[in-house]
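In what follows, a structure is listed as C-alpha coordinates, so that the remarks can point back to it.
The values are calculated or read from the model by the stated rules, or taken from the named source; none is laboratory data. Keep in mind it's a predicted model, so treat the numbers as computed, not measured. Please note: Cβ atoms are built from the backbone with ideal geometry, for glycine as well, and neighbour counts cover all protein chains shown. For accessibility, only protein heavy atoms count, side chains too; no ligands or nucleic acids. Shrake-Rupley method; radii C 1.70, N 1.55, O 1.52, S 1.80 Å.
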Amino acid sequence: MGLDMEGVFSDTEVLYVDVKQEMLETLVDAVVDTFKAKSKTYKREKWQVVAAGDDDLSLELTSSACDMLATLRQQLETINQELAGPLFHPLWMRVAENIDDYLYNEVVCSVFFNEAGAQQLQYDMTRNLFLLFSEYTTKPENYFKQTREACQLLTVLPGSGLLLREVLLANVKGSSNSCSDEEAETALRDVGVRRLTKQNALAVLMRRIDWPQSSLH
(Lines give C-alpha, C1' and ligand atoms only; values in the text may rest on other atoms or scores of the structure.)
Protein backbone atom coordinates (compact mmCIF):
# COMPACT_ATOMS: atom_id res chain seq x y z
CA MET A 1 0.00 0.00 0.00
CA GLY A 2 1.48 3.31 -1.08
CA LEU A 3 1.71 6.27 1.21
CA ASP A 4 -0.54 9.23 0.60
CA MET A 5 2.34 11.71 0.48
CA GLU A 6 0.02 14.67 0.00
CA GLY A 7 -1.86 13.69 3.16
CA VAL A 8 1.37 13.20 5.12
CA PHE A 9 2.71 16.60 4.17
CA SER A 10 -0.66 18.19 4.86
CA ASP A 11 -0.75 16.70 8.37
CA THR A 12 2.84 17.78 8.98
CA GLU A 13 2.06 21.31 7.86
CA VAL A 14 -0.94 21.51 10.18
CA LEU A 15 1.18 20.22 13.06
CA TYR A 16 3.87 22.80 12.31
CA VAL A 17 1.32 25.63 12.27
CA ASP A 18 -0.16 24.42 15.57
CA VAL A 19 3.24 24.16 17.23
CA LYS A 20 4.27 27.58 15.93
CA GLN A 21 1.04 29.14 17.16
CA GLU A 22 1.44 27.53 20.59
CA MET A 23 5.03 28.74 20.83
CA LEU A 24 4.02 32.31 19.95
CA GLU A 25 1.19 32.27 22.48
CA THR A 26 3.57 31.03 25.17
CA LEU A 27 6.10 33.77 24.42
CA VAL A 28 3.43 36.48 24.27
CA ASP A 29 1.98 35.35 27.59
CA ALA A 30 5.43 35.30 29.19
CA VAL A 31 6.26 38.84 28.07
CA VAL A 32 2.86 40.27 29.01
CA ASP A 33 2.79 38.48 32.38
CA THR A 34 6.23 39.88 33.21
CA PHE A 35 5.06 43.37 32.22
CA LYS A 36 2.05 43.05 34.50
CA ALA A 37 4.20 41.88 37.39
CA LYS A 38 6.62 44.77 36.91
CA SER A 39 3.76 47.28 36.70
CA LYS A 40 2.29 46.70 40.16
CA THR A 41 3.91 49.80 41.63
CA TYR A 42 3.04 51.86 38.56
CA LYS A 43 -0.63 50.90 38.94
CA ARG A 44 -0.60 52.31 42.47
CA GLU A 45 0.61 55.76 41.44
CA LYS A 46 -1.53 58.61 42.83
CA TRP A 47 -2.37 60.21 39.50
CA GLN A 48 -4.99 62.47 41.07
CA VAL A 49 -2.44 64.33 43.23
CA VAL A 50 0.53 64.68 40.87
CA ALA A 51 2.16 68.07 41.34
CA ALA A 52 2.28 70.29 38.27
CA GLY A 53 5.69 71.05 36.78
CA ASP A 54 6.82 74.33 35.31
CA ASP A 55 6.18 73.14 31.75
CA ASP A 56 6.08 70.03 29.57
CA LEU A 57 9.87 70.09 29.27
CA SER A 58 10.16 69.27 32.98
CA LEU A 59 8.40 65.91 32.55
CA GLU A 60 10.41 62.76 33.11
CA LEU A 61 9.45 59.11 32.99
CA THR A 62 7.64 58.05 36.16
CA SER A 63 10.23 56.23 38.27
CA SER A 64 7.96 53.21 38.84
CA ALA A 65 7.79 52.70 35.06
CA CYS A 66 11.55 52.44 34.54
CA ASP A 67 12.01 48.76 35.42
CA MET A 68 8.71 47.86 33.76
CA LEU A 69 9.78 49.35 30.42
CA ALA A 70 13.43 48.34 30.64
CA THR A 71 12.47 44.70 31.16
CA LEU A 72 9.99 44.83 28.29
CA ARG A 73 12.62 46.30 25.97
CA GLN A 74 15.16 43.64 26.97
CA GLN A 75 12.71 40.77 26.47
CA LEU A 76 11.66 41.98 23.03
CA GLU A 77 15.26 42.52 21.93
CA THR A 78 16.22 39.02 23.07
CA ILE A 79 13.27 37.37 21.34
CA ASN A 80 13.91 39.41 18.18
CA GLN A 81 17.45 38.05 18.04
CA GLU A 82 16.24 34.47 18.40
CA LEU A 83 13.21 34.47 16.10
CA ALA A 84 12.98 34.94 12.36
CA GLY A 85 11.22 38.10 11.21
CA PRO A 86 7.98 36.38 10.07
CA LEU A 87 7.64 34.91 13.56
CA PHE A 88 8.67 37.98 15.56
CA HIS A 89 6.38 40.36 13.68
CA PRO A 90 3.06 38.90 14.88
CA LEU A 91 4.56 38.39 18.35
CA TRP A 92 5.40 42.03 19.06
CA MET A 93 2.04 43.14 17.66
CA ARG A 94 0.16 40.81 19.99
CA VAL A 95 2.33 41.89 22.92
CA ALA A 96 1.53 45.53 22.18
CA GLU A 97 -2.20 44.92 21.86
CA ASN A 98 -2.29 42.88 25.09
CA ILE A 99 -0.41 45.59 26.97
CA ASP A 100 -2.78 48.17 25.49
CA ASP A 101 -5.78 46.27 26.88
CA TYR A 102 -4.09 45.92 30.24
CA LEU A 103 -3.10 49.57 30.63
CA TYR A 104 -6.48 50.83 29.48
CA ASN A 105 -8.44 48.62 31.86
CA GLU A 106 -6.10 48.42 34.84
CA VAL A 107 -4.63 51.93 34.86
CA VAL A 108 -6.79 54.39 32.94
CA CYS A 109 -10.16 53.01 33.99
CA SER A 110 -9.16 52.14 37.56
CA VAL A 111 -7.87 55.46 38.91
CA PHE A 112 -8.57 59.19 38.77
CA PHE A 113 -6.42 61.96 37.33
CA ASN A 114 -5.76 65.63 37.84
CA GLU A 115 -4.30 67.69 34.99
CA ALA A 116 -0.69 66.98 35.91
CA GLY A 117 -1.39 63.28 36.40
CA ALA A 118 -3.03 63.03 32.98
CA GLN A 119 -0.08 64.79 31.37
CA GLN A 120 2.34 62.48 33.14
CA LEU A 121 0.53 59.36 31.98
CA GLN A 122 0.48 60.68 28.41
CA TYR A 123 4.22 61.38 28.60
CA ASP A 124 4.96 57.89 29.95
CA MET A 125 2.93 56.30 27.18
CA THR A 126 3.64 58.42 24.09
CA ARG A 127 7.26 59.34 24.78
CA ASN A 128 8.39 56.08 26.30
CA LEU A 129 6.20 52.98 25.87
CA PHE A 130 5.13 53.75 22.31
CA LEU A 131 8.65 54.77 21.31
CA LEU A 132 9.95 51.44 22.59
CA PHE A 133 8.00 49.77 19.79
CA SER A 134 9.29 52.22 17.18
CA GLU A 135 12.12 49.72 16.71
CA TYR A 136 9.60 47.51 14.94
CA THR A 137 7.16 49.90 13.27
CA THR A 138 6.95 53.51 12.15
CA LYS A 139 3.49 53.86 13.73
CA PRO A 140 3.72 52.23 17.19
CA GLU A 141 0.78 54.27 18.48
CA ASN A 142 -1.52 52.33 16.14
CA TYR A 143 -1.06 49.25 18.33
CA PHE A 144 -2.07 51.09 21.51
CA LYS A 145 -5.29 52.66 20.27
CA GLN A 146 -7.24 52.44 23.52
CA THR A 147 -4.46 53.87 25.66
CA ARG A 148 -3.59 56.52 23.09
CA GLU A 149 -7.17 57.75 22.75
CA ALA A 150 -7.66 57.67 26.51
CA CYS A 151 -4.59 59.88 26.94
CA GLN A 152 -5.96 62.27 24.32
CA LEU A 153 -9.24 62.53 26.21
CA LEU A 154 -7.60 62.95 29.61
CA THR A 155 -5.36 65.76 28.37
CA VAL A 156 -7.86 67.64 26.21
CA LEU A 157 -8.27 71.32 27.10
CA PRO A 158 -10.77 71.71 29.97
CA GLY A 159 -13.31 73.68 27.95
CA SER A 160 -13.31 71.13 25.14
CA GLY A 161 -13.31 68.23 27.59
CA LEU A 162 -16.27 69.53 29.58
CA LEU A 163 -18.27 70.25 26.44
CA LEU A 164 -17.52 66.80 25.04
CA ARG A 165 -18.47 65.22 28.35
CA GLU A 166 -21.84 67.02 28.32
CA VAL A 167 -22.49 65.95 24.74
CA LEU A 168 -21.74 62.32 25.53
CA LEU A 169 -23.70 62.36 28.77
CA ALA A 170 -26.76 63.80 27.04
CA ASN A 171 -26.49 61.24 24.26
CA VAL A 172 -25.94 58.24 26.51
CA LYS A 173 -28.66 59.23 29.00
CA GLY A 174 -31.09 60.34 26.31
CA SER A 175 -31.94 63.61 28.04
CA SER A 176 -34.31 66.22 26.60
CA ASN A 177 -31.40 68.13 25.06
CA SER A 178 -29.82 64.95 23.75
CA CYS A 179 -27.71 65.07 20.62
CA SER A 180 -27.83 62.40 17.95
CA ASP A 181 -25.45 59.46 17.77
CA GLU A 182 -23.90 61.03 14.68
CA GLU A 183 -23.26 64.31 16.49
CA ALA A 184 -21.68 62.47 19.43
CA GLU A 185 -19.44 60.43 17.13
CA THR A 186 -18.45 63.57 15.22
CA ALA A 187 -17.52 65.25 18.51
CA LEU A 188 -15.27 62.30 19.34
CA ARG A 189 -13.63 62.32 15.93
CA ASP A 190 -12.90 66.02 16.38
CA VAL A 191 -10.59 65.15 19.27
CA GLY A 192 -9.05 62.16 17.47
CA VAL A 193 -11.10 59.39 19.08
CA ARG A 194 -12.25 56.64 16.72
CA ARG A 195 -11.65 53.36 18.55
CA LEU A 196 -13.33 54.00 21.91
CA THR A 197 -17.10 53.78 22.08
CA LYS A 198 -19.15 56.74 23.31
CA GLN A 199 -19.66 54.98 26.64
CA ASN A 200 -15.96 54.22 27.04
CA ALA A 201 -14.92 57.74 26.05
CA LEU A 202 -17.36 59.16 28.60
CA ALA A 203 -16.00 56.83 31.29
CA VAL A 204 -12.48 58.12 30.56
CA LEU A 205 -13.55 61.76 30.74
CA MET A 206 -15.17 61.05 34.11
CA ARG A 207 -11.73 60.04 35.45
CA ARG A 208 -10.69 63.73 35.51
CA ILE A 209 -11.31 64.41 39.17
CA ASP A 210 -10.39 68.11 38.95
CA TRP A 211 -13.17 69.01 36.50
CA PRO A 212 -16.55 70.30 37.78
CA GLN A 213 -19.28 67.71 38.10
CA SER A 214 -21.94 67.65 35.43
CA SER A 215 -25.52 68.56 36.17
CA LEU A 216 -26.51 65.55 34.06
CA HIS A 217 -24.46 63.06 36.07
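Values as computed for the structure displayed
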quantity: Yes/no for ALA96 being in a helix (DSSP H, G or I), closer than 30 Å to GLU183 by Cβ and either at pLDDT 95 or above or touching a Cys at 6+ places or on another chain (Cβ under 9 Å) (or both); calculated: no
quantity: Selected residue (criterion: most open to solvent (accessible area, probe 1.4 Å)) from residues of the range 77-93 that are assigned to a helix (DSSP H, G or I) and over 18 Å from ALA30 (Cβ atoms); calculated: PRO86
quantity: Considering residues of the range 133-146 that are closer than 14 Å to TYR104 by Cβ and in a helix (DSSP H, G or I) only, the residue most open to solvent (accessible area, probe 1.4 Å); calculated: LYS145
quantity: Extreme residue, farthest from ALA116 (Cα to Cα), among residues of the range 158-174 that are open to solvent by less than 50 Å² (accessible area, probe 1.4 Å) and not aliphatic (A, V, I, L, M); calculated: ASN171
quantity: Residue match in the range 147-157 (condition: surrounded by fewer than 16 Cβ atoms within 10 Å (Cβ to Cβ) and more than 30 Å from VAL95 (Cβ to Cβ)); calculated: yes
quantity: Evaluation of GLN120 against (1) more than 29 Å from THR71 (Cα to Cα); (2) assigned to a helix (DSSP H, G or I) (one fails), failing number; calculated: (1)
quantity: Residues of the range 164-184 satisfying the condition of being outside any loop (DSSP other than H, G, I, E, B) and without any contact (Cβ under 8 Å) to a residue 24 or more places away in the chain; calculated: VAL167, ASP181, GLU182, GLU183, ALA184
quantity: Qualifying positions in the range 42-70 - assigned to a helix (DSSP H, G or I) and within 18 Å of the chain's Cα centre (by Cα); calculated: TYR42, LYS43, TRP47, SER64, ALA65, CYS66, MET68, LEU69, ALA70
quantity: Single residue of ASP67, ASP33, ASP29, ASP4 found to be modelled with pLDDT under 95 and either open to solvent by 60 Å² or more (accessible area, probe 1.4 Å) or hydrophobic (A, V, I, L, M, F, W, C) (or both); calculated: ASP4
quantity: GLU149 vs. criteria assigned to a helix (DSSP H, G or I), of a type in the set (Asp, Glu) and in contact (Cβ under 8 Å) with a residue 40 or more places away in the chain; calculated: yes
quantity: Search result, residues across the range 22-72 that are polar (S, T, N, Q) and either within 22 Å of PHE112 (Cβ to Cβ) or in contact with a strand residue (DSSP E or B) (Cβ under 6 Å, 6 or more places away or on another chain) (or both); calculated: SER39, THR41, GLN48, THR62, SER63, SER64
quantity: Sole residue being touching a residue at least 12 places away in the same chain (Cβ under 8 Å), touching a strand residue (DSSP E or B) at 6+ places or on another chain (Cβ under 9 Å) and either surrounded by fewer than 17 Cβ atoms within 10 Å (Cβ to Cβ) or not charged (D, E, K, R) (or both), chosen from PHE130, PHE113; calculated: PHE113
quantity: Residue within the range 185-193 that is under 21 Å from GLN48 (Cβ atoms) and outside any helix (DSSP H, G or I) present; calculated: no
quantity: Subset of the range 49-60 [at pLDDT 95 or above, surrounded by fewer than 15 Cβ atoms within 10 Å (Cβ to Cβ) and closer than 19 Å to ARG127 by Cα]; calculated: GLU60
